[in-house]
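Beneath this line is the structure, given in structure tokens, with notes to follow.
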């Protein structure tokens, strides 16, 4: 049995999640875990806690007693510098910065192999839901078909207010900001970029394949209008922002982050507020559903704490899918067709998307929309123009 290590942590960042982790450690008092020093940008700010603060990273990296680095900062570039420095020193590290991870994961995997350092990041995807560790340990075979879910709690909170409480999008967004679920600049959440980073990370652990985020069609809910809400209600559906990766019959994988018009029989239809929900589908076990809080300091802090305590026993991700299929990992493709709802403003907006067929069309003085079949490639090619023109689209499954 592996002996439990005593961890003295060098913590970077003391924002919402960093403070939550600090409070969780005070409350739960796990054996053999202590924060030795905290590195922050502004050393003069009164944070109301008794702790050893510094603004110099060297004070942490040069301290021989510190034997784990925990990084909880927003800046992806600074996060990358901290984590790579830790790994090059052979130190175990924990990160919650999903944008950094999604941009650099292959390099970080290789760095762990070379230096012997370890990197854990369950908190980077879906807050309190242990998706990554489950994909690593339980779904570590070729039976997996797809992973699909609500990966961003802030956008889900907004959509819940819109559809369940009939509040306007703008008011719901302001409520999310006031509740601390959305930033003053909410674009990372509502435009799908946060969910995209999580999807890239999840895909590495689900199928072994790393896909550059720029290749994946991503579209959010910031252009959602009353007309779109009315359409969904008339069809007895709800709009949810969904990240989705699926293995196709030919062995390739497709990925996207896109609003979806969901019927009431879907698992994630009823996932509300700041919660996340993930549906994992396999060849023999059909669908399995994971549900939990996806936004907020304490849910994310609890996932960070779980990574820390796993590190006490030298736990590390094995990236089994990447090892098993070395040289023959599933290839990414955008060559997938499906049905969408597309609401546009001017007649020329209809020409942005290359539709294979259109099954429904409506035009009035105030609202124009079509329902038709197109491909992920067509949507990806048109993405910059779609965002610029403030149109809205959603995947519209037939069931």
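A few remarks follow.
- Exactly one residue out of 192, 251 is in contact with a strand residue (DSSP E or B) (Cβ under 8 Å, 6 or more places away or on another chain) and on the phi > 0 side of the Ramachandran plot: that is 192.
- Residue match in the stretch 144-152 (condition: assigned by TED's automatic domain parsing to the domain that holds residue 284, farther than 23 Å from residue 282 by Cβ, surrounded by 18 or more Cβ atoms within 10 Å (Cβ to Cβ) and touching a strand residue (DSSP E or B) at 6+ places or on another chain (Cβ under 8 Å)): yes
- Scanning the stretch 363-378 for residues that are under 19 Å from residue 225 (Cβ atoms), in contact (Cβ under 8 Å) with a residue 24 or more places away in the chain and not in a strand (DSSP E or B) returns 366, 367.
- Flag for residue 340 being closer than 26 Å to residue 375 by Cβ and either surrounded by 19 or more Cβ atoms within 10 Å (Cβ to Cβ) or assigned by TED's automatic domain parsing to the domain that holds residue 145 (or both): yes
- Any chance residue 20 is modelled with pLDDT under 95, crowded, with 16+ Cβ neighbours inside 10 Å and either out of contact with any strand residue (DSSP E or B) (no Cβ under 7 Å at 6 or more places or on another chain) or in a loop (DSSP other than H, G, I, E, B) (or both): yes
- For residue 360: the one exception among (1) over 30 Å from residue 141 (Cβ atoms); (2) in a loop (DSSP other than H, G, I, E, B); (3) without any contact (Cβ under 8 Å) to a residue 24 or more places away in the chain: (2)
- Put simply, of 173, 224 the only residue that is in contact with a helix residue (DSSP H, G or I) (Cβ under 6 Å, 6 or more places away or on another chain), assigned to a loop (DSSP other than H, G, I, E, B) and farther than 30 Å from residue 106 by Cα is 224.
- Test set (1) more than 20 Å from the chain's Cα centre (by Cα); (2) surrounded by fewer than 17 Cβ atoms within 10 Å (Cβ to Cβ); (3) over 30 Å from residue 363 (Cα atoms) - residue 288 fails condition number: (1)
- Options 211, 204, 245: the member that is within 25 Å of residue 110 (Cβ to Cβ), touching a residue at least 12 places away in the same chain (Cβ under 8 Å), under 16 Å from the mean Cα position of the chain (by Cα) and part of a helix (DSSP H, G or I): 204
- Count of the stretch 258-272 residues which are in contact with a strand residue (DSSP E or B) (Cβ under 9 Å, 6 or more places away or on another chain) and in contact (Cβ under 8 Å) with a residue 40 or more places away in the chain: 8
- Condition check for residue 160: surrounded by 23 or more Cβ atoms within 10 Å (Cβ to Cβ), in contact (Cβ under 8 Å) with a residue 12 or more places away in the chain and under 29 Å from residue 20 (Cα atoms): no
- Among the residues making up the stretch 201-224, those that are touching a strand residue (DSSP E or B) at 6+ places or on another chain (Cβ under 8 Å) and closer than 28 Å to residue 318 by Cβ are 202, 203, 206, 207, 209, 211, 215, 216.
The values are calculated or read from the model by the stated rules, or taken from the named source; none is laboratory data. The model shown is predicted, which means the values in this text are computed figures rather than measured ones. Methodologically, a virtual Cβ is constructed for each residue, glycine included, from the backbone with ideal geometry; neighbour enumeration extends over all protein chains shown.
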